[in-house]
1. Residues in region 115-131 that are outside any helix (DSSP H, G or I) and either among the small types (Gly, Ala, Ser) or surrounded by 11 or more Cβ atoms within 10 Å (Cβ to Cβ) (or both): how many?
2. Spot the failing condition for ILE93; the list is (1) under 30 Å from GLU20 (Cβ atoms); (2) surrounded by fewer than 16 Cβ atoms within 10 Å (Cβ to Cβ); (3) free of Cβ contacts under 8 Å to residues at least 60 places away in the same chain, and only one is missed.
3. Answer yes or no: is there a residue in region 32-53 that is at pLDDT below 90 and assigned to a helix (DSSP H, G or I).
4. Out of the residues in region 75-120 that are under 30 Å from GLU33 (Cβ atoms) and of a type in the set (Lys, Arg), state the one that is farthest from the chain's Cα centre (by Cα).
5. Output the number of the condition that LEU32 fails; it satisfies all remaining conditions of (1) closer than 21 Å to ASP201 by Cβ; (2) within 17 Å of the chain's Cα centre (by Cα).
Amino acid sequence: MGVKSWLFGKDRDKGDKETEAIAQLKKRLNSLEIEGRNLLRKAEEQKAVAKSMLKQGNKIGAKQALTRSSLHMQKYNQNQNMSLNLSTQIDTISSAKSAAATVKALKVGSKVVETTLEEVSPEDVERTMIEMDDQRDRISMMNEALSDTTSLEMDLDGEFVDSIDDQLAALGIEMQSESHGNLPEVGANTVSPEGENDNTDITDELKAMQKELEGG
């Protein structure tokens with residue numbers, strides 16, 4: 001084993017583990033993305049089957065197809081949650097590496113300060129440290145005042161929340177319009193009560209599809 005390998009082998013092994021971990025996370029993330037696309041495709045296919053069954057008068061078959069479509073969508077939502085966790089873990093590793101690099105830099109700075117303090121008398125050290133503490137406190141107070149964005153962040157958070165809610169509501173109306181052929185009536189109850197049987201949504205969608213076919 002060479003001198004450099006003996007000196008830096010530990011850091012190299014650590015870097016290899018980090019690289020391997022990120023590679024595994026990204027590999028799984030890519031797999032989930034492919035699985036998610038397949039689940040969406042299967043859900044749409046089952047909706048098409050339900051429509052075909054309904055045209056043939058086979059309501060039981062149509063209901064079963066819609067049930068399968070709903071199951072595919074449930075799996076898709078789980079898929080997206082897992083993808084979010086993987087992405088968050090990748091970001092966490094990057095943040096940890098950044099924090100570790102910062103700590104190392106601080107240690108170097110601390111050693112320089114210690115060496116400098118050894119070159120002066122104890123009285124100079126005491127006086128200098130008091131002055132530095134006072135300066136740091138004053139600078140910290142100034143920086144806190146200058147970097148305070150609490151009010152701005154609160155405003156931005158509110159705007160983003162409202163924007164997302166508006167977009168979500170608009171998307172829901174758009175999806176209902178595409179599925180039912182017309183916009184929902186004003187004041188119509190679009191949220192099923194808690195505890196209602198899960199088959200209610202499928203039955204309602206089946207009825208809406210029947211009306212669409214009869215209208216066409």
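1. Summing the residues that are outside any helix (DSSP H, G or I) and either among the small types (Gly, Ala, Ser) or surrounded by 11 or more Cβ atoms within 10 Å (Cβ to Cβ) (or both) in region 115-131 gives 2.
2. Here ILE93 meets the rest and fails (3).
3. Checked region 32-53: at least one residue is at pLDDT below 90 and assigned to a helix (DSSP H, G or I).
4. The residue in question is LYS97.
5. (1)
The values are calculated or read from the model by the stated rules, or taken from the named source; none is laboratory data. As the structure is a computational prediction, the values presented were derived from the model and not from experiment. Ideal geometry is used to build each Cβ from the backbone, glycine not excepted, and the neighbour counts take in all protein chains shown.
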